[in-house]
1. Could you give the length gained on full extension between residue 2 and residue 77, defined as 0.36 nm per residue of separation minus the Cα-Cα distance, in nm?
2. Counting pairs of alpha carbon atoms under 8 Å apart in space and at least six apart in sequence, what relative contact order in percent does the stretch 33-145 give?
3. Output the direction-averaged projected area (hull surface divided by four) of the convex hull of the alpha-carbon atoms of the chain, in nm².
4. Which ordering of 88, 192, 30 is given by a fewest-first count of other beta-carbon atoms within 10 Å?
5. When a/c reaches 1.5 or more, the comparison of a/b and b/c decides; with that in mind, is the stretch 115-221 rounded, prolate or oblate per its Cα gyration tensor?
6. Nothing charged except the Cβ atoms of Lys and Arg (+1) and of Asp and Glu (-1): what's the magnitude of the dipole of the chain about its Cα centre? Round to the nearest 20 debye.
7. Quick one: compute the contact order of the chain, relative version, from alpha carbon pairs under 8 angstrom and 6+ residues apart, as a percent.
8. With angles folded into 0 to 90 degrees, how steeply does helix 215-228 sit against the dominant principal axis of the chain? Use alpha carbons for both and round to 10.
Amino acid sequence: MSYTSILFTLQDGVARLTLNRPDRLNSFNDVMHEEIRTVLGLIEQSHSKPSEKARVLLITGAGRGFCAGQDLNDRSVSAAGENAKPVDLGASVEKNYKPLITRLQNLPIPIICAVNGVAAGAGASLALAADITVAAESASFLQAFSKIGLIPDTGSTWFLTHRVGMARAMGLALLAEKLPASKAAQWGLIWDCVPDEQLMPTVEAMAKQFASGPSKAYVRTRQAMRAAMSNDLAQQLDVERDTMRELGQSYDYREGVAAFLAKRTPQFTGA
Ligand code: T3D
């Protein structure tokens, strides 16, 4: 299948999605949203075909930016234009941005985001929606929304407050200053910041690890960690008990223990 706004491959369990509108810093337009929906569908369907099953999703951007959020050329209205019919941004969020994050969160595989350059607006939100976000040293995160009279969306109000606390989340949202990747890592907003030339080798090694790892344990880990954001300890201990009961029945658990005892590398299948 060929795409105009993204690149997509699925090989050896690794689904690679590259946002590909470099002249506009990979900002989102309707075509890009549609194409992303298509590939998320392919990833979801791949789970019914074990031979082509995606076991990790790696997202990055083409060119010097990661993603600059909504393409503002599609939002061009004169501030003074009395006759201009304003775009219903709520409808756009409902159609495009909300399902994007919901679907990513529900994918049954880990998601790695390689932030190769500036991540602004909904582009920053997309980067934060991954399970593991690694940024190049030259990259930055910008909650650009207040500069155009909006609030952080695409999950950013949630991701920011949960990851860096209210004081920093509020400062990022209201001041709309670029946060360098190194500071984002220091603050715990992302997993790591690496030298630019190390970005792709780092995430590719992680992707390989996930593609040959115990996939069921990964998906249950994502779910349990997210549940912990709203559960109390007693509820979370129940989540852990129930999940351990389930995973204790899995092939990968038996294989993991057998391999440990035999001092060999485990051959996980994701089953
Ligand atoms: O609308 C809805 O549906 C609701 C949902 C909204 C979600 C959102 O994401 S709202 C926020 C939208 N994004 C922004 O406000 C960010 C706008 N961009 C910037 O602030 C800056 O471009 C950056 C800080 C990201 C990067 O700055 P810099 O100096 O590195 O690059 P630049 O020169 O500004 O941009 C390079 C080119 O990309 C430039 O085009 P040109 O002059 O070379 O022809 C620029 O216009 C274009 N570009 C960058 N961001 C966007 C964009 N074009 C359209 N839309 C963009 N968002």
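1. So the chain would gain 23.8 nm between residue 2 and residue 77.
2. 31
3. With the hull built on Cα positions only, its mean projection is 16.5 nm².
4. By the 10 Å Cβ count, ascending, the order reads 88, 30, 192.
5. The shape class here is prolate.
6. The calculated dipole for the chain is roughly 420 debye.
7. 15
8. On a 0 to 90 degree scale, this one is about 60.
Any read-out appearing in this document is the output of simple, stated calculations on the displayed coordinates, not a laboratory observation. Note that the coordinates shown come from a computational prediction; the quantities given were computed from them, not determined experimentally. Cβ sites come from the backbone with ideal geometry, for glycine too, and all protein chains shown count toward neighbours.
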